[in-house]
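Asks: Have a look at this one.
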Amino acid sequence: MRIEGRNAVLEALRSGVKVRRALLLRGIKPSKNIDEILAYLQQQNIAAEYVQRRDLDQKSDHAAHQGVMIWTAAFEFASLGSIIASTKDATDALVVVLDHVTDPGNLGAIARSAEVFGAAGLIVAKDRAAALTPAAHKAAAGALAHLPVVQVTNISRALQQLKEAGFWIAGASEHATDNVWDTQLSGKIAVVMGAEDKGLSRLVKENCDFLVRLPQSGKVGSLNVAQATTALLYEYIRQTAERTRRSISVSG
């Protein structure tokens with residue numbers, strides 16, 4: 001698997017991935033993150049190859065490599081069971097589920113938001129969905145090195161397993177009756193985001209406990225799925241923090 005971009009490469013190295021090959025731009029200027037990347041490579045006895053920019057550009061998806069590119073073993077997916085086990089005794093836990101999101105950039109951006117807001121894991125579809133490409137890693141800015149990602153063949157079945165483990169399933173839909181401000185979005189919650197063009201599929205929607213929408217006042221129909229995910233996860237964190245404050249106030 002190829003990873004490119006300074007932040008994505010550095011976070012992958014910090015997580016302990018084994019590097020097979022590393023390319024750096026010839027004449028790249030020393031900096032704190034470049035020095036750290038080189039130190040990690042040295043620990044693994046990997047000699048960086050210094051190449052011309054055109055060589056990196058040819059291997060890059062969008063020429064956004066920032067002068068750094070590594071090859072590692074295939075991405076290691078987590079199991080749904082491990083996510084459920086890690087949240088077994090939790091009062092509050094967040095899981096993000098993607099119902100066939102197809103753009104790698106959106107996948108990476110959602111992974112970044114999920115990691116920032118402390119999600120226990122990200123669940124994605126195995127087929128007809130974005131793969132963890134270099135573009136996804138670049139957009140994730142290193143989050144994929146820390147966030148457990150589960151790949152499943154059946155999203156609806158995964159939702160059923162989460163329900164059995166005590167999660168409430170909140171589906172995001174612009175057609176929902178209730179907006180997120182008026183909905184309880186705290187506790188053990190799985191937030192389900194639909195595909196860019198179709199939204200939630202019928203079966204997935206039927207397996208949600210409730211649907212929520214983001215309030216909006218503009219003229220554009222809806223937010224990009226990655227932007228919408230960030231807004232919903234922020235509301236989850238806000239409500240969880242508010243509930244904790246109320247609990248402390250009452251007990252005090």
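Asks: Just to be sure before I move on: is ALA129 buried (at least 22 other Cβ atoms within 10 Å of the Cβ), out of contact with any Lys or Arg (no Cβ under 7 Å at 6 or more places or on another chain) and either part of a strand (DSSP E or B) or among the hydrophobic types (A, V, I, L, M, F, W, C) (or both) in the structure I sent?
Replies: Considered against the rule, which asks whether it is buried (at least 22 other Cβ atoms within 10 Å of the Cβ), out of contact with any Lys or Arg (no Cβ under 7 Å at 6 or more places or on another chain) and either part of a strand (DSSP E or B) or among the hydrophobic types (A, V, I, L, M, F, W, C) (or both), ALA129 comes out as no.
Asks: How many residues are open to solvent by less than 10 Å² (accessible area, probe 1.4 Å) and within 20 Å of the chain's Cα centre (by Cα) if we restrict to segment 66-77?
Replies: Result for segment 66-77: 1.
Asks: All but one of (1) at pLDDT 95 or above; (2) of a type in the set (A, V, I, L, M); (3) in contact with a strand residue (DSSP E or B) (Cβ under 7 Å, 6 or more places away or on another chain) hold for ALA85; which doesn't?
Replies: (3)
Asks: Please state which of the following conditions LYS205 fails to meet, knowing it meets all the rest: (1) open to solvent by 60 Å² or more (accessible area, probe 1.4 Å); (2) closer than 15 Å to LEU94 by Cα; (3) basic (Lys, Arg).
Replies: Of (1) open to solvent by 60 Å² or more (accessible area, probe 1.4 Å); (2) closer than 15 Å to LEU94 by Cα; (3) basic (Lys, Arg), only one is false for LYS205: (2).
Results for (1) more than 19 Å from GLY105 (Cβ to Cβ); (2) modelled with pLDDT of 95 or more, shown as yes or no for each residue.
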{"residue": "ARG128", "(1), (2)": "no, no"}
{"residue": "ALA139", "(1), (2)": "no, no"}
{"residue": "GLY142", "(1), (2)": "no, no"}
{"residue": "VAL150", "(1), (2)": "yes, yes"}
{"residue": "THR153", "(1), (2)": "yes, yes"}
{"residue": "SER156", "(1), (2)": "yes, yes"}
{"residue": "LEU162", "(1), (2)": "yes, yes"}
{"residue": "GLU174", "(1), (2)": "yes, no"}
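Asks: Only one residue in ALA145, ALA158 is within 19 Å of the chain's Cα centre (by Cα), within 30 Å of GLY5 (Cα to Cα) and buried (at least 19 other Cβ atoms within 10 Å of the Cβ). Which one?
Replies: ALA145 is the lone residue from the list that is within 19 Å of the chain's Cα centre (by Cα), within 30 Å of GLY5 (Cα to Cα) and buried (at least 19 other Cβ atoms within 10 Å of the Cβ).
Every residue, every condition in (1) among the hydrophobic types (A, V, I, L, M, F, W, C); (2) open to solvent by 60 Å² or more (accessible area, probe 1.4 Å), yes or no:
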{"position": "ASN7", "(1), (2)": "no, yes"}
{"position": "LEU10", "(1), (2)": "yes, no"}
{"position": "GLU36", "(1), (2)": "no, no"}
{"position": "ILE46", "(1), (2)": "yes, no"}
{"position": "GLN52", "(1), (2)": "no, yes"}
{"position": "HIS62", "(1), (2)": "no, yes"}
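Asks: Any idea which residue in segment 211-241 is modelled with the lowest pLDDT, counting only those that are of a type in the set (Gly, Ala, Ser) and touching a helix residue (DSSP H, G or I) at 6+ places or on another chain (Cβ under 9 Å)?
Replies: Within segment 211-241, the match that is modelled with the lowest pLDDT is SER222.
Asks: Now, a different point. List the residue pairs whose Cβ atoms are under 7 Å apart, where the first residue sits in segment 26-40 and is basic (Lys, Arg), the second is surrounded by 15 or more Cβ atoms within 10 Å (Cβ to Cβ) and outside any helix (DSSP H, G or I), and the two are 6 or more positions apart or on different chains.
Replies: Taking only residues 6 or more apart or on different chains, the pairs are ARG26/VAL51.
Asks: Name, by its number, the condition in (1) part of a helix (DSSP H, G or I); (2) at pLDDT below 95 that does not hold for SER113.
Replies: SER113 satisfies every listed condition except (2).
Asks: Evaluate segment 57-68: report whether one residue or more is among the charged types (D, E, K, R), under 22 Å from ALA226 (Cα atoms) and modelled with pLDDT under 90.
Replies: Taking every residue of segment 57-68 in turn, at least one turns out to be among the charged types (D, E, K, R), under 22 Å from ALA226 (Cα atoms) and modelled with pLDDT under 90.
Asks: If you don't mind, there's one more thing I want to ask. If LEU107 satisfies every condition in (1) within 22 Å of ALA135 (Cα to Cα); (2) among the hydrophobic types (A, V, I, L, M, F, W, C); (3) touching a residue at least 60 places away in the same chain (Cβ under 8 Å); (4) open to solvent by less than 20 Å² (accessible area, probe 1.4 Å) but one, which is the exception?
Replies: So the condition that LEU107 fails would be (3).
The values are calculated or read from the model by the stated rules, or taken from the named source; none is laboratory data. Everything quoted here is computed from the prediction, not taken from an experiment. Don't worry about glycine lacking a Cβ; one is built from the backbone with ideal geometry, like all the others, and counts go over all protein chains shown. What goes into the accessible areas is simple: the full protein's heavy atoms, side chains included, and nothing from ligands, DNA or RNA. Shrake-Rupley method; radii C 1.70, N 1.55, O 1.52, S 1.80 Å.
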